[in-house]
Amino acid sequence: MGALKRQVSHGRLKVLLVVSALVLVALVLRAIDLQVLSRDFLTQQGEQRQVRTLTESAYRGMVTDRNGEPLAISAPVQTAWANPKDLLEQRDRWPELAEALQVDADWLAERIEARASREFMYLRRHMLPAQAEQVTALRVQGLGLTREFRRYYPHGETTSHILGYTDIDDRGQEGVELAFNDWLSGAPGAKRVLRDRHGRTIRDVASIRPARDGRTLRLTIDQRLQYLAYRELKAAVAEHDAQGGSAVLLDARTGDVLAMVNQPSFNPNNRGSIRSELARNRSLTDSMEPGSVIKPFTVAAALDAGIIDPNVTLDTRPGTMRVGRLTVRDFRDYGVIDLTTLIARSSNVGATKLALDMPPDRFWQVLHQAGFGQSTGTHFPGEVSGRLRDFPTWREVEQATMGYGYGLSITPLQMAAAYTAFANDGQRIPVRLVQTADDLREPAGVMSPETAQRVLAMMEHTIGSEGTARQAAIDGYRIAGKTGTSRKSGPGGYTEDRYISSFVGLAPASDPRFVMAVVIDEPNAGTYFGGAVAAPVFRNVIGSALRMFNVRPDAMPEIPMQFAAEREGST
């Protein structure tokens, strides 16, 4: 019996030893499989659980002025992101995370819970470096940082209407940022990275495609003149308690936009404060009936049409004229006047007589060639063409009012561009806002060289001691220009107390280098005449521009006048 028990025990021991040996062999084989045979596969599987594909932001191209001064640049910032599933397992860390992100704790909790089924969410976009360091120091699992770029505008409100702004994803929303978004944007890249459980990048795994940075965009504006124009326009709008205003300064020889400003303005660095009514570039998007600034073109059209000669006199007595049911009025009875007096004193009656004596097609041709009723070609978002109806549809009263600037609408940029014809022997120079090599547009012939020179000389008298724009005069330089004061239309017709005050001038008149248009919308304090409201802006900006560009002063001969002195009153 005892021998039998010993035999059974010995058999069990053998079985146990065999089983143990088999288990040991299995473990060894499994270890060999894991460590040798399947090592590469398992390593790859482990890395795939931590490998992420990241987008590499492209650097948005810089915008500069004509001299290379930066107007819009992109600065690197950090954006915090997280896997909501990881954050849901660390609710105790939410309060300190909210504090580091500088957000409300309840808002953060609600945001995480609403995205519980996702694997990615933004926590805070575009953080400053110091704040990003605080977030990183928390070492929260599933939280990471990625580099992005934030747009910055060094000159703020001064250039905002030209540049526009970008959204949080660096896409252009207004201005040249929108118009040239593809040029500036470049293309984002992509790469695979290995991250630890805290979301920190351990190493780059592979580059999928490199980021392609955007290209630099050089504008035609001169930031020095842009600032001067902005400062003077803002002061004028405030002084006259106006609703707004615009000013456009052109290089008379090339058509380059040297400055373009509007009021009210906005700060593009503060997206939260931007409102659509502030963001529009009034110089291009708002059209108006120009009023008396159109009269030099009326005179030029009449001269080129051959219906008058330069020495003609016009009888404007008694200072009024009936056209159908319309009564055209001058500020006072100017009597018998010549063309110089018509422009300098801004006679509506004289301009009406010229307009009605002209064949409609000849008058329309000059206005059309001056650029009215068509885009200036800047490619700026929202630019309007204004309104110039085809001459076959004109009624007599419409042709009459067009002679002194009613019945058509133009923008401040169109106004300035049209006046380049007087600076270039009758050729209107195409305007441009961006310096490009492929602008092949040709000048447009508006009037003959002789007519352009004659009318330019006539406009010098507007600045003389007895003209309507005495406040546009600049010591040492001959200035030519024309004032405008037009009534605004309302539901019941033209209003009696809402005006647009304007002035367009050329300097120096002896060899024009600059053309500038100034428009003040609804001045409410003091006078509303263009010569008193808009002309001083021209004087202050152009006076500095002439010195800045080292334009030689003129010898100033006395300009004779054939009419008596009069205080401001006509447009």
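The values are calculated or read from the model by the stated rules, or taken from the named source; none is laboratory data. All of these numbers come straight from a predicted model, not from anything done at the bench. In this analysis, Cβ positions are derived from the backbone assuming ideal geometry, glycine residues included, and neighbour counts consider all displayed protein chains. Surface accessibility is based on the protein's heavy atoms, side chains included, excluding ligands, DNA and RNA. Shrake-Rupley method; radii C 1.70, N 1.55, O 1.52, S 1.80 Å.
Quick check on the stretch 232-272: of everything there that is among the small types (Gly, Ala, Ser) and outside any strand (DSSP E or B), which residue is surrounded by the fewest Cβ atoms within 10 Å (Cβ to Cβ)?
Once the filter is applied, the top-ranked residue is GLY272.
Okay, residues lined up against (1) closer than 17 Å to ARG139 by Cα; (2) open to solvent by 40 Å² or more (accessible area, probe 1.4 Å); (3) outside any helix (DSSP H, G or I):
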| position | (1), (2), (3) |
| --- | --- |
| THR79 | yes, no, yes |
| LEU87 | yes, no, no |
| ASP92 | yes, yes, no |
| GLU99 | yes, yes, no |
| VAL103 | no, no, yes |
| LEU108 | no, no, no |
| GLU113 | no, yes, no |
| SER117 | no, yes, yes |
| ARG124 | yes, yes, yes |
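Considering only the stretch 469-512, state which residues are of a type in the set (Lys, Arg), open to solvent by 20 Å² or more (accessible area, probe 1.4 Å) and out of contact with any Asp or Glu (no Cβ under 6 Å at 6 or more places or on another chain).
Matches in the stretch 469-512: ARG470, ARG487, LYS488.
Kindly establish whether GLY144 is open to solvent by less than 10 Å² (accessible area, probe 1.4 Å) and either under 27 Å from the mean Cα position of the chain (by Cα) or closer than 19 Å to ALA58 by Cα (or both).
no
For the stretch 273-284, name all the residues that are in a loop (DSSP other than H, G, I, E, B) and either open to solvent by less than 50 Å² (accessible area, probe 1.4 Å) or among the acidic types (Asp, Glu) (or both).
ILE274, ASN281
Please go through the stretch 387-405 and pick out each residue that is part of a loop (DSSP other than H, G, I, E, B) and within 18 Å of ASP357 (Cβ to Cβ).
Across the stretch 387-405, the qualifying residues are TRP394, ARG395, GLY403, TYR404, GLY405.
Please tell me if GLY382 is under 21 Å from the mean Cα position of the chain (by Cα) and of a type in the set (Gly, Ala, Ser).
yes
Is it true that ARG224 is assigned to a helix (DSSP H, G or I), of a type in the set (Lys, Arg) and without any contact (Cβ under 8 Å) to a residue 40 or more places away in the chain?
no
Could you give me the residue pairs with C-beta distances under 7 Å whose first residue belongs to the stretch 401-428 and is in contact (Cβ under 8 Å) with a residue 60 or more places away in the chain and open to solvent by 10 Å² or more (accessible area, probe 1.4 Å), whose second residue is of a type in the set (Val, Ile, Thr) and part of a helix (DSSP H, G or I) wherever it lies, and which are 6+ apart or on separate chains?
Pairs that qualify, where the first residue is in contact (Cβ under 8 Å) with a residue 60 or more places away in the chain and open to solvent by 10 Å² or more (accessible area, probe 1.4 Å) and the partner is of a type in the set (Val, Ile, Thr) and part of a helix (DSSP H, G or I), are TYR404/ILE294; TYR404/THR352; GLY407/THR401.
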